[in-house]
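The structure appears below as structure tokens.
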Amino acid sequence: MPLALWALTLSAFAIGTTEFVIVGLIPTIAASLHVSVPSAGLLVSLYALGVAIGAPVLTALTGRVPRKTLLLGLMLLFTAGNLTAWMAPGYAALMAARVLTGLAHGVFFSIGSTIATSLVSKEKAASAIALMFSGLTVALVTGVPLGTFIGQRFGWQMTFLAVALLGVIAFVGIALLVPRGIADSKPAGLATQLAVLKKPRLLLVYAMTTLGYGGSFIAFTYLAPILQQVAGFAPDTVGLVMLVYGVSVAFGNIWGGKLADSKGPVRALQIVFALLVGVLVLLAFTAAHKIAVLATVLAWGAVAFGNVPGLQVYVVRRAEIDAPRAVDVASGLNIAAFNVGIALGAWGGGLIVAHLGLMHTPWIGALIVGGALLLTTLAGRLDARDPAPQARRDARAVAMH
């Protein structure tokens, strides 16, 4: 794999770290800024909203900007956002910094796959994309627990400074290693993207994604307060628990991909969502016991992100039938749906914590994921009624040529 691809992977690692590290720091930030835990949880929501808005809108608006120039600009924006968070004098400034950083995240992953594939031969395209996205997985395994540890020991501001330094390193890597003449695949305009949202079957997939992720993040956003206030873990051990979670996520991603390959995306999603419902219900009973909650967090990591391969494969398959000229757009909008789910889950979790209490987040999250399971079952039944979808895909492919 070319060195330029490793520069993209490092950028993905920095971006993944800044997105998820906030989860381990919510109690610390709340205490430092004298805001409630649900208010600190909104920092997760607004970042995710920045991603969801930034991906389709800014990608369309920056279509004429050369790819390398755009990448460098995005890493400057990312670094500026984290430096702003580091120097934030209060809650409002930190909130603005999170939105700013989320905008960079959305565009980076919208164009990243196209750039990654342009750097290698066609037969290595899937491996190139997998390598770039592995930066996110590595961030969950190492960046998030390390960032949480730094924030617990030296103050949450130092975590954002450390991530900003990663952004500087990624900027230098892109400047030195990514070639200027990257194949410029023009992204679809906003009109094309909005047309995809008129397809009912694609909307069903986006609803599955939003509920599946939203339900999990109702509880995951408040995992650190649960670990500290209910399980009784010391604040500086939360990073170690996040490490356990991240390692489990890495295995869960691989398992989820293999399950989708062997069972098909719909059946795989039914299994993953059902297991996720079970783990969230279990968390409601194990949260007060240190060893039991550690085992539950380990199981949670294994299924929390295991739905990603199935959801992405399924949305592409549906797009090949329903919107064959906008498959990339449909896939990108599913990334936006993930982040809408994260935003709504973190926001809804905050309301639950404020009005019902911390330990109501797991079982309510399980109910929402149960909704994703029901929608997945509905999608499977609609597929069964769909006459020869593969034949229709082939016919459309011939018509396009």
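Descriptive notes on the structure:
- Protein accessible area in the chain, 1.4 Å probe - carbon and sulfur %: 71 percent
- Label-point separation, Lys122 to Ala31 (7 Å along Cα→Cβ), nm: 5.8 nm
- Across the chain the C-alpha pair distances fall into 20 Å bins from zero in the proportions 28, 60, 12, 0 percent.
- Partners of Lys198 within straight-line reach, counting aspartates and glutamates whose Cα lies under 12 Å from its Cα and excluding those fewer than 8 residues away in the same chain: Asp322.
- Two-site FRET efficiency, Ala175 against Arg267, from Cβ-Cβ distance with R₀ of 45 Å, rounded to 0.05: 0.50
- Exposed loop sites here are trypsin sites (Lys or Arg not before Pro) assigned a DSSP state other than H, G, I, E or B and surrounded by at most 15 other beta carbons within 10 Å; excluding them, the longest clear run of the chain is 199-401.
- Pairs of Cα atoms farther than 27 Å apart, region 1-155, %: 25 percent
- Between Ala288 and Leu76, the contour length at 0.36 nm per residue exceeds the Cα-Cα span by 72.0 nm.
- Karplus 3J(HN,Hα) series, Hz, for region 54-60 with 6.51 cos²θ - 1.76 cosθ + 1.60 (x for Gly, Pro): x, 4, x, 6, 6, 4, 5
- Label separation (Phe154 vs His355): 4.1 nm, computed from points 7 Å beyond Cα along the C-beta direction.
- Expected 222 nm ellipticity per residue - DSSP helices of 4 or more, -39500 (n - 2.57), all of the chain, to 500: -27000 deg cm²/dmol
- Rolling a 1.4 Å probe over the heavy atoms of the protein chains gives region 208-352 an accessible area of 34 Å² per residue.
- Distances between every pair of Cα atoms in region 248-401, grouped in 10 Å steps from 0 to the bin holding the largest one, split as 11, 32, 33, 16, 6, 2, 0 percent.
- Given R0 = 30 Å, the distance between the Cβ atoms of Ala130 and Asp236 translates into a calculated FRET efficiency of 0.30.
- Extended-chain gain in nm, criterion 0.36 nm per residue less alpha-carbon gap, Val316 and Val65: 87.7 nm
- For Ala92 and Leu165, the difference between the fully extended length at 0.36 nm per residue and the C-alpha to C-alpha distance is 24.0 nm.
The values are calculated or read from the model by the stated rules, or taken from the named source; none is laboratory data. Just so it is clear, the structure is predicted and the values come from calculations on it, not from any experiment. Neighbour counts run over all protein chains shown; Cβ positions are idealised from the backbone, glycine included. The area values use the complete protein model at the heavy-atom level, side chains included, leaving out ligands, DNA and RNA. Shrake-Rupley method; radii C 1.70, N 1.55, O 1.52, S 1.80 Å.
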